[in-house]
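As structure tokens, the structure follows; a few thoughts come after it.
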Amino acid sequence: MKRSYCNPLDLGYRYQHMMENGKRIAYREAADPTLIYFKGVYYLFASMSGGFWYSSDLTDWKYHTNRDLLIYDYAPDVRQVGEYLYFCASRRGENCPILRTKDPLSDTFEQVSAPFDFWDPDLFCDDDGRVYLYWGCGNTDPIYGIEMDPDTMLPIGERRELIFEQADTLGYERCGENGNVPPKETSPVYQALKPFVNPATGELQLPQTLPAGGGFNREKLVKMFRSIGKPYIEGAFMTKHNGKYYLQYASPATQFNTYCDGVYVADAPLGPFTLQQSNPFSSKPGGFMQGAGHGSTIQDADGNFWHASTMRVSVNHDMERRVGLFPAGVDADGVLFCNQNFADYPLCIPEGKFDPWSVRPACMLLSYQKPTAASSTAEGSAPALAVDENCRTWWSAADARPGQWLSVDLEKVCDIHAIQVNFADEALSVDYPENQYCHQSGGARYIEKEPQISCYTLEASTDGTTWQLLQEVSREGSNAYFPLPEHVRARYVRLTGEALPYGQTLRISGLRIFGFGGGAAPAQAQATVHRTGPMNALVQWQPLSEMSAQGCNIRYGIAPDKLYQSWLVYGVQELDLSTLMAGQDYYLRVDSFNENGITEGSLLYCPAENHK
């Protein structure tokens, strides 16, 4: 398979060990990625990674550890200014250092300044050499911007408020899974302040004298109360193209499948900014791995746009996350977009300059809901959970003995092109000495220094008796991708575990097998759409069995030639499309798919006024 990759990116995600409420937990995390092309090399910096990755081609990533690079400060940002790569990250309560280097691999970073405390920074150097800093992360505060002196990296002038939340009119900013905002009364903040809430009006009425202790004042309590149910506006990133400034931001919160990146556009680096009509520009609420927020957008060596962003697992902890990479672009009308159709399928990267919409699945999913078998199974973790296209559920062996295995029966001999192996962590607790923990960024944590190697084998068979070795693996990583140089004809695929990180039990959230089934693509989806509210539409289609389909990919956008958003679903025949913008007309297309291909649907029109 020619230069391909599969989201989430196949990186050596580092284990993070935390102490929370007296309990030890561990999970793998990399998030808030900043991607940069610097002096002929691609660098990828991500939160809580203990270092960074680098690549010559965006597919083969090598890890470089750097324990001195403020690795416990969230949301690292890297930008080029002149001959230097500048680095900064998030730290509340004290001024955040800004560092620079001429060679990141040398580990020689010098501090230039420490101007003030900020969260989710983005340093941007304009074509004229002027430098700007954007930052902000909260559900009551905006995204800010300020000009910086390019020599001293200290502020020039006053900060400006640039982007505020608009969850009342922007569906994609609403908190909650699938955009379903939970009742205010379920919030822990509401429950704590309930004695001071007027039951008739729902307003907060604090007494003149607050109880002693707790460190709260009246202003802070009012702010907390007003923030209930509000989205986090965070993760600023600036991209300039054809004289336009595209200020990107993330919402509503990292643990939701609707985590996304929106964008505002201006003619100057500090605005005024106007909301782009097509939003969110990066969004992946469906499929195996969901979420596509808090990222960065760059051009590669050939001028192609790419967007790297955060994808969620968020089971062991809200911050259990991965990194996704998506083709992007700016169309003839100046609209910034991402191609996120089938974005967690194997994707081939064309050589040279290419149309981002030419990046399509290199092969289809063969393993969805296929029969499975296992050497043993822990209670409540059936083998079928490894083929349900949900990274948040998994099969677990009954114990941690080496040699436990999981197999998938494709029910017929198929042409297998690639395999993705997704491991799960569960109730992992590792005892590290107290003096190794770092006490900042919201808790006591320790990022694993040593590579944690997973050893296992992948085999294939046509009859379930005689097995062919495909891969003998000994490597770091939780989301391994194996394109097969020579396609394999097989019916069965088996994974056998050996030594695993910290001696844990073999757990698989997705043994995903890709290729072609040798049959026909599905019938066309006969779909309807009806606006059910200012920011919602109900999309429905005939039963999947009538189409011989696994699911549907709902593509939608502001014009027939701008179906820039998508939402992929399996096993259902309707979708509550909850990420719309109030007052905006939409066009939709429901594409059906199965293991043999994709069948495009007919274009549908969904006007903003079509609801009661």
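For segment 360-390, the residues whose amide N sits under 16 Å from a probe point set 7 Å from the Cα of D399 along the beta carbon direction are 375-379.
Summary of the geometry: segment 127-171 and segment 367-445, compared by the centres of their Cα atoms, lie 41 Å apart. The apolar share of the surface of segment 1-128, taken as the fraction of accessible area on carbon and sulfur atoms (1.4 Å probe, ligands and nucleic acids excluded), comes to 42 percent. In terms of its alpha-carbon gyration tensor, segment 380-475 comes out prolate; a/c meets the 1.5 threshold, and the first ratio a/b outweighs b/c. Here the extension length gained between S106 and A582 equals 166.4 nm, from 0.36 nm per residue of separation less the Cα-Cα distance.
The Rg/Rh ratio of segment 506-612, with Rg taken over Cα atoms and Rh as the Kirkwood radius over Cα pairs, comes to 1.04. Here the label points at Q166 and A499, each 7 Å from Cα along the C-beta direction, are separated by 5.6 nm in the simple model.
So with the 1.4 Å probe, I'd like the accessible area per residue for segment 151-252, rounded to whole Å². With all protein chains present, segment 151-252 gives 58 Å² per residue.
Relative to the Cα centre, the charge distribution of the chain, modelled as +1 at Lys and Arg Cβ and -1 at Asp and Glu Cβ, gives a dipole magnitude of about 800 debye. Pairwise inverse Cα distances across segment 251-366, averaged and inverted, put the Kirkwood hydrodynamic radius at 15.1 Å. Per residue, segment 544-612 exposes 37 Å² of accessible surface when a 1.4 Å probe is rolled over the protein heavy atoms with every protein chain present. Note on segment 565-608: with neighbouring protein chains present and a 1.4 Å probe, carbon and sulfur make up 46 percent of its accessible heavy-atom surface.
Between E177 and K449, take the C-beta separation as r, use R0 = 25 Å, and let me know the FRET efficiency to the nearest 0.05.
0.10
Ignoring aspartates and glutamates fewer than eight residues from K284 along the same chain, the ones with Cα atoms less than 12 angstrom from its Cα are D261, D344.
At 1.306 mPa s and 10 °C, plugging the Kirkwood radius over alpha-carbon pairs of segment 1-139 into Stokes-Einstein gives what diffusion coefficient in µm²/s? Taking Rh from Cα pairs, D becomes 98 µm²/s. As a ratio to 2.2 N^0.38 Å, the alpha-carbon radius of gyration computed for segment 95-220 takes the value 1.52. Seen through its C-alpha gyration tensor, with square-root eigenvalues sorted a ≥ b ≥ c, segment 38-102 comes out oblate because a/c lies at 1.5 or above while a/b is not bigger than b/c.
By accessible area, using a 1.4 Å probe on protein heavy atoms only, segment 152-228 has 54% of its surface on carbon and sulfur.
Distance between the 7 Å Cα→Cβ label points at D128 and A427: 6.2 nm.
For segment 350-409, the C-alpha radius of gyration sits at 1.62 times the compact-globule guess of 2.2 N^0.38 Å, with N the residue count.
Ligands, DNA and RNA are left out, and with a 1.4 angstrom probe the accessible area of segment 332-484 is 41 Å² per residue. Cα convex hull, the chain: 167 Å³ per residue, rounded to a whole number.
Sorting the segments 33-44, 227-238 by their mean number of nearby beta carbons within 10 angstrom, highest to lowest, gives 227-238, 33-44. Legend: residues V112, V181, V359, sorted from most to least accessible area (1.4 Å probe; ligands, DNA and RNA excluded), read V181, V112, V359. For segment 485-525, list residues with backbone N below 15 Å from a point placed 7 Å from the Cα of T462 toward its Cβ? Taking a point 7 Å out along Cα→Cβ of T462, the residues of segment 485-525 whose backbone N falls under 15 Å are 487-493. Along the axis of the charge dipole computed for the chain (Cβ charges of +1 for Lys and Arg, -1 for Asp and Glu, origin at the Cα centre), the listed residues P33, I453, L406 are led at the positive end by L406. Once you've got the Cα coordinates, tell me which of K240/K449; K23/K230; K353/K412; K353/K562; K2/K244 are over 27 Å apart. In this structure, K240/K449; K23/K230; K353/K412; K2/K244 exceed 27 Å between Cα atoms.
Within the shell defined by Cβ-Cβ distances under 15 Å, the residues around G82 carry a net charge of -3, with Lys and Arg each +1 and Asp and Glu each -1. Note on A114/Q542: beta-carbon distance plugged into 1/(1 + (r/R0)^6) with R0 of 60 Å gives a FRET efficiency of 0.50.
Could you give each residue of segment 109-118 its phi-based ³J(HN,Hα) in whole Hz, using Karplus coefficients 6.51, -1.76, 1.60 with θ = phi - 60°, and x for Gly or Pro? Per-residue couplings from phi come out as 10, 10, 7, 9, 7, 9, x, 5, 8, 8 Hz.
Summing +1 for each Lys or Arg and -1 for each Asp or Glu, what net charge is found among the other residues whose Cβ lies under 13 Å from the Cβ of E203?
Working: positive: K184, K194, R226; negative: none.
Every neighbour counted, the sum reads +3.
When the charge dipole of segment 270-390 is built from unit charges on Cβ atoms (+1 for Lys and Arg, -1 for Asp and Glu) and taken about the Cα centre, the candidate among N339, N316, G329 whose Cα reaches farthest toward its positive end is N316. Of the three principal axes defined by the Cα atoms of segment 546-605, the extents in descending order read 36, 22, 16 Å. Model label points for R92 and S56, set 7 angstrom from Cα along the Cα-to-Cβ axis, are 4.4 nm apart.
The values are calculated or read from the model by the stated rules, or taken from the named source; none is laboratory data. Source: prediction; values computed, not measured. Ideal geometry is used to build each Cβ from the backbone, glycine not excepted, and the neighbour counts take in all protein chains shown. All accessible areas refer to the heavy atoms of the entire protein, side chains included, with ligands and DNA or RNA removed. Shrake-Rupley method; radii C 1.70, N 1.55, O 1.52, S 1.80 Å.
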